[in-house]
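The values are calculated or read from the model by the stated rules, or taken from the named source; none is laboratory data. This is a predicted model, so every value here is computed, not measured. Ideal geometry is used to build each Cβ from the backbone, glycine not excepted, and the neighbour counts take in all protein chains shown. Only protein heavy atoms, including side chains, enter the accessible area calculation; ligands, DNA and RNA are left aside. Shrake-Rupley method; radii C 1.70, N 1.55, O 1.52, S 1.80 Å.
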Amino acid sequence: MLFTDILWWSLGVVGFIMLAIRIGQLAWAKLRLFTAMSLPGEKQGFWKVTQWDWMPSLKRGLIYAPLWKKRHNREIRLSAAANMGTLPSRFHSLLLFGYLGSNLAYMFILDWKNANKYALCAEIRGRSGTLSVVSMLPLIIFAGRNNPLIGLLNVSFDTYNLLHRWMGRVCVIEVLIHFLAWAIVQVADDGWAGVKRRILTDLFIGSGTVGVAAMGLMLVLAFSPVRHAFYETFLNTHIILALVAFVCTYIHCLTATVAGGLPQIPWILAVMGLWLADRVARMFRLAYANWSSRGLTEAIVEPLQGDACRVTMHLPRYVKIKPGQHAYLRFAGLNCWENHPFSIAWYEHHGRDDLLPISEKDSLQEPGRATRTTVSFIVGAHSGFTRKLFNKASASTSGAISMRAAFEGPYAGHHTMDSYGHVVLFAGATGITHQLSYLRHLIEGHNAGTVATRRITLVWIIRGFEMLEWARPWMDQILRLPNRKDVLRIQLFITRPTRKANMVSQSSTVHMFPGRPNVLTTLGKEVGEQMGAMCVSVCGPGSLADDVRDAVRTVQDHGTVVDFVEESFTW
């Protein structure tokens, strides 16, 4: 069928183009790393200047541009309780409009001169049904935490989540059109009584109707204010309704009067297989990271000033962790069915070199071989799960509590900064956790000669001095790293300082300031002293992310290479 071939070819061409771009980016970054990692910062001039005159304009006007003016990641709030979510970027909007336009074209480019309107309805019914099932494939891939395209195409889960939400809306609308196109013909043939009878007595029609109802309910519950106000309820209901929709779609395709069922059966089986594969992969991740012959995962939760907890998880086995990764955490006795993502602030690998085998079956560990991993997080107390965790830890008289916990991950970590000579890291409040892992990795890489980085600037914005304690144990280790002063500069901005006289640092490379930073001025100064290619990363509130994004777009006028990475999780 030509229509179906066009659909699959369209998806294949788009995927091939994205893969080709990704391979080109990887090759360019590797070339930059290999040629620059042995050079001092002032000799990385070739990589500092953009090699294509059109690239800064493309970044400023499309790739990094918000949909309109400046706002992108700052939430649109109707009230304290009503949240409309965030706006897609200009590039994301272009992708979404292309997807929507292609779906409209595939569905409605028909012979509208046909006098038989019921024949047109039948054609629309077939096309809308086919489109909805085709859309389910990328829809379910984009929703998975174990989506292989995240690392393959260097696209964040947050972006796939955005595409999942919008493609889901289009998919549901197509299902509704599919049902209405059938109902129009059925009502004309046998009236509403005939519609009711077919739904109740015909498995083919009944299963399709239940599937339509499930997807329609998913669309209503996914309305942003409802989703944000009752997220956990929404998520659990969403999973159940999705499973109902998949099963009903399969039955609908299988029980058609066409011999062997509808040709979409392999597609819906693939959808269900992908959904199941992601669930199984998550179960294996949970089992692998949290259970071994050495025991189960134990978490130490310490309440901190500034409404936050420091969570240290002792994993019973070695888990490889890369900079910029996050994990989903569960706690026994605290809504254990809920899991939430948190950036990994710090990790340590531990060996067992001090232990000798106690039987002939035990083998002596190789010297230096890590067998266990300790992972640390900062969890800000907001509402729901995080507030309950903070309150439970605060109620302890010992200053910390020990809990059974589960670590699912690590995920992400696909953004590498090794090839950049100059790295600028912006963090707001608990966003420091994402940037700490890059700090240690880049400084250690600088000492080992494995990265091109020669200058790192960390800008951390917090409300009060007490929040410095959140990261103090890890920051002290970073400040003691060899040659740290050669590459690292830290700027701390205290937005609500209690005593300005205390804003004095004992280190010449750590500076404290009252108030909020002028992001454009700060970044402009860094660009003026730029060493090689620059990467600007931000993790924090939406307003900070939008300010940094806007500043990165502005400094593109300098003609130097300034790339932008935003770490966020919008839902």
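If you bin all the Cα-Cα distances of the stretch 432-484 at 5 Å, starting from zero, the percentages per bin are 4, 18, 30, 24, 13, 7, 3, 1. Rounded to whole numbers, the Karplus 3J(HN,Hα) couplings from phi for the stretch 482-491 are x, 6, 4, 5, 6, 10, 9, 10, 10, 10 Hz, using 6.51 cos²θ - 1.76 cosθ + 1.60 with θ = phi - 60°, and x at Gly and Pro. Expressed as a whole percent, the accessible area of the stretch 197-264 that falls on carbon and sulfur atoms is 77 (1.4 Å probe).
Between residue 489 and 456, 457, 458, the built amide H atoms are under 5 Å apart, and every one of these is 5 or more places off in sequence or on another chain. Taking the 1.4 Å solvent-accessible surface of the stretch 1-42 as the whole, the part contributed by carbon and sulfur is 80%. Any aspartates and glutamates with Cα under 20 Å of the residue 113 Cα? List them, leaving off those in the same chain fewer than 8 positions away. Straight-distance partners of residue 113: 123. Solvent-accessible surface of protein heavy atoms, probed at 1.4 angstrom with all chains present, puts 26, 149 in the order 26, 149, largest first.
Based on the convex hull around the alpha carbon atoms, the stretch 128-209 presents an average projected area of 6.2 nm². For the stretch 205-256, the relative contact order comes to 58 percent (Cα pairs under 8 Å, sequence separation of at least 6). Rolled with a 1.4 Å probe across the full set of protein chains, the surface gives residue 218 an accessible area near 30 Å². When you filter the chymotrypsin sites (Phe, Trp or Tyr not before Pro) in the stretch 1-90 for DSSP loop state and at most 15 other Cβ atoms inside 10 Å of their Cβ, you are left with 52, 54. Entry comment: accessible area of the chain is 49 Å² per residue, from protein heavy atoms only and a probe of 1.4 Å. Of the residues 199, 124, the one with the largest accessible area comes first in the ranking 199, 124, computed with a 1.4 Å probe on protein heavy atoms. Here the convex hull built on the C-alpha positions of the stretch 439-571 has a volume of 129 cubic angstrom per residue.
The residues 382, 349, 414, sorted by heavy-atom accessible surface at 1.4 Å with ligands and nucleic acids left out, run 382, 349, 414 from largest to smallest. The alpha carbons of the stretch 80-172 stretch over 49, 36, 23 Å along the principal axes, in descending order. Computed on the Cα atoms alone, the convex hull of the chain gives a volume of 206 cubic angstrom per residue. Across the stretch 556-571, rounded Karplus estimates of 3J(HN,Hα) from the backbone phi angles (6.51 cos²θ - 1.76 cosθ + 1.60, θ = phi - 60°) give 4, 5, 6, x, 9, 7, 10, 9, 10, 10, 10, 9, 8, 9, 9, 9 Hz, Gly and Pro being marked x.
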